[in-house]
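Engineer: Next up is a structure, given as structure tokens.
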Amino acid sequence: MIMSSFETLTGLPDLIGFIFVFAFGAIVGSFLNVVIHRVPHELSIVFPNSACPKCQKPIQPYDNIPILSWLILGGKCRNCKEKISARYPAVELLNALLYLLVFWCVGFNPFLPVALIFVTTMVVLIFIDAEHMILPDVINYPLLVFALLVRLAFPLLGWEQYFTDLNFSPLVYLQDYPLWAVSLFGAVLGGLVGGGFLWLVGAVWKMLRGVDAMGLGDVKMMFAVGALLGWRLTFLSIFLGAFSGAVIGIFLIYTRKDKDLQTQIPFGIFLGIGSILALLFGESLIRWYIETFIP
Ligand SMILES: [Zn+2]
């Protein structure tokens, strides 16, 4: 039914929408490679153009087509034949597939760009955390500003139905206040739940074990995520993140024979995965859980 709305609104077949979203996702993914590579080194993401890391020859536009160029060139630089990491086309393909998934789940409506920007940001944080074990402020802070702006603007434009936390306690008791104010209050509450929960876990862990388990980056990331998703979906993000983290952690312990749990796992990866899942499937998951387990 979501697809028919694209057809109704644009007069174009659904397939065109899906092809466009996939291509757009791949192009954005290509830019994400630059962001993921340069932000941790505090380099400009605009200049200079991408170049081969070995021979320094700038990559020509015709060799910079997302996914396809890497396949055509057999994963090698055209000039010096240096191997180019498969991570580049993988990020492009992943982002393109995620855009398809978002389009399929969210549909063609005002929340679509918000969901796409959110998922894109999670992909960037996931890959930077995986490689450098950091979640940079230059990504966390703009995400928070973006979340607050969306939280403010959507009720003013009459699009408040995308924030389901407004219908539940405690926000539902604030009916005397203007909707934009309630929405902003919900953002702060979600931020405190997301950031506060992780801060608490880190503080308790430090008390018990005397080491920093959680970086401040995780706290800031989940404050920003919480501001957009609201407290309900934020709890779910952390739960899904911890669950996927535990599954993969156990897998790592068995495969790497790391019995002492010394492997440091960048938790931002799992928080990012949990947040994407909560954004796209959170409401359905909560509804399914209540219908199945609560009599
Ligand atoms: Zn080269």
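The values are calculated or read from the model by the stated rules, or taken from the named source; none is laboratory data. This one's a predicted model, so the numbers in the text were calculated from it and none came from an experiment. Note that each Cβ is placed from the backbone with ideal geometry, even for glycine, and that neighbours are counted across all protein chains shown.
Engineer: Can you pull out every residue in the range 47-63 that is loosely packed, with under 15 Cβ neighbours inside 10 Å and more than 9 Å from the ligand (Cβ to nearest atom)?
Structural biologist: If we filter the range 47-63 for residues that are loosely packed, with under 15 Cβ neighbours inside 10 Å, which is where we start, we get 47-49, 51, 53-58, 60-62.
Result: Phe47, Pro48, Asn49, Pro58, Gln60, Pro61, Tyr62.
Engineer: May I pose another question? Scan the range 143-151 and tell me whether some residue there is out of contact with any helix residue (DSSP H, G or I) (no Cβ under 6 Å at 6 or more places or on another chain) and over 30 Å from His41 (Cα atoms).
Structural biologist: no
Engineer: Going by what's in this entry, would Ile16 be described as more than 14 Å from the ligand (Cβ to nearest atom), at pLDDT below 95, among the aliphatic types (A, V, I, L, M) and part of a loop (DSSP other than H, G, I, E, B)? Can you show your working first?
Structural biologist: Details: more than 14 Å from the ligand (Cβ to nearest atom): yes; at pLDDT below 95: yes; among the aliphatic types (A, V, I, L, M): yes; part of a loop (DSSP other than H, G, I, E, B): no.
No, not satisfied.
Engineer: With the checklist (1) among the charged types (D, E, K, R); (2) touching a Lys or Arg at 6+ places or on another chain (Cβ under 8 Å); (3) touching a residue at least 12 places away in the same chain (Cβ under 8 Å) in hand, flag the one item Asp212 doesn't pass.
Structural biologist: (3)
Engineer: Same structure, new question: Kindly list, by first and then second residue, each pair from a residue in the range 99-116 that is on the phi > 0 side of the Ramachandran plot to a residue that is buried (at least 17 other Cβ atoms within 10 Å of the Cβ) and not aliphatic (A, V, I, L, M), limited to pairs with Cβ atoms under 8 Å and residues at least 6 apart or on different chains.
Structural biologist: From residues that are on the phi > 0 side of the Ramachandran plot, the pairs are Gly107/Phe6.
Engineer: If you check Arg151, Arg232, which single one turns out to be out of contact with any strand residue (DSSP E or B) (no Cβ under 7 Å at 6 or more places or on another chain) and under 24 Å from Phe270 (Cβ atoms)?
Structural biologist: Values: Arg151 fails: under 24 Å from Phe270 (Cβ atoms).
Testing whether each residue is out of contact with any strand residue (DSSP E or B) (no Cβ under 7 Å at 6 or more places or on another chain) and under 24 Å from Phe270 (Cβ atoms) leaves just Arg232.
Engineer: What residue, of Gly190, Gly202, Gly194, Gly186, is under 24 Å from Pro142 (Cβ atoms) and modelled with pLDDT under 95?
Structural biologist: Of Gly190, Gly202, Gly194, Gly186, the one residue that is under 24 Å from Pro142 (Cβ atoms) and modelled with pLDDT under 95 is Gly202.
Engineer: Let me ask something else. Consider only pairs whose beta carbons are under 6 Å apart and that are at least six residues apart or on different chains; among these, list those whose first residue lies in the range 52-68 and is more than 15 Å from Asn33 (Cα to Cα) and whose second residue is away from the ligand (no atom under 11 Å from the Cβ) and assigned to a loop (DSSP other than H, G, I, E, B).
Structural biologist: So the pair list comes out as Pro58/Asn49.
To keep it simple, each residue is scored yes or no on (1) over 22 Å from the mean Cα position of the chain (by Cα); (2) assigned by TED's automatic domain parsing to the domain that holds Arg38; (3) over 29 Å from Phe18 (Cα atoms).
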| position | (1), (2), (3) |
| --- | --- |
| Ala115 | no, no, no |
| Asn140 | no, no, yes |
| Ser169 | yes, no, yes |
| Leu184 | no, no, yes |
| Gly196 | no, no, yes |
| Lys206 | yes, no, yes |
| Gly210 | yes, no, yes |
| Leu216 | no, no, yes |
| Lys220 | no, no, yes |
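Engineer: Something else about it: Filter the range 87-98 down to the residues that are among the aliphatic types (A, V, I, L, M) and either in contact (Cβ under 8 Å) with a residue 40 or more places away in the chain or within 16 Å of the ligand (Cβ to nearest atom) (or both) and list them by number. Give the steps one after another, and end with the answer.
Structural biologist: First, pick out the residues of the range 87-98 that are among the aliphatic types (A, V, I, L, M): 90-91, 93-94, 96-98.
Correct list: Val91, Leu93, Leu94, Ala96, Leu97, Leu98.
Engineer: Out of the residues in the range 1-26 meeting the condition of being of a type in the set (Val, Ile, Thr) and surrounded by fewer than 17 Cβ atoms within 10 Å (Cβ to Cβ), tell me which one is farthest from Val123 (Cα to Cα). Quick ask: steps written out before the conclusion?
Structural biologist: In the first step, residues of the range 1-26 are kept if they are of a type in the set (Val, Ile, Thr); the result is 2, 8, 10, 16, 19, 21.
This time we only want the ones that are surrounded by fewer than 17 Cβ atoms within 10 Å (Cβ to Cβ), so: 2, 8, 10, 16, 19.
Values: Ile2: 25, Thr8: 31, Thr10: 29, Ile16: 25, Ile19: 21 Å.
Among residues in the range 1-26 that are of a type in the set (Val, Ile, Thr) and surrounded by fewer than 17 Cβ atoms within 10 Å (Cβ to Cβ), the one farthest from Val123 (Cα to Cα) is Thr8.
Engineer: Moving on. What number of residues within the range 70-80 are loosely packed, with under 13 Cβ neighbours inside 10 Å and near the ligand (Cβ under 8 Å from one of its atoms)?
Structural biologist: Taking the range 70-80 as the starting set, the residues that turn out to be loosely packed, with under 13 Cβ neighbours inside 10 Å are 71-72, 74, 80.
From what is left, the residues that are near the ligand (Cβ under 8 Å from one of its atoms) are 80.
Residues flagged as loosely packed, with under 13 Cβ neighbours inside 10 Å and near the ligand (Cβ under 8 Å from one of its atoms) within the range 70-80 amount to 1.
Engineer: Inspect the range 208-228 for any residue being closer than 14 Å to Ile276 by Cα, among the β-branched types (Val, Ile, Thr) and part of a helix (DSSP H, G or I) and give the result as yes or no.
Structural biologist: Yes: the range 208-228 contains one or more residues that are closer than 14 Å to Ile276 by Cα, among the β-branched types (Val, Ile, Thr) and part of a helix (DSSP H, G or I).
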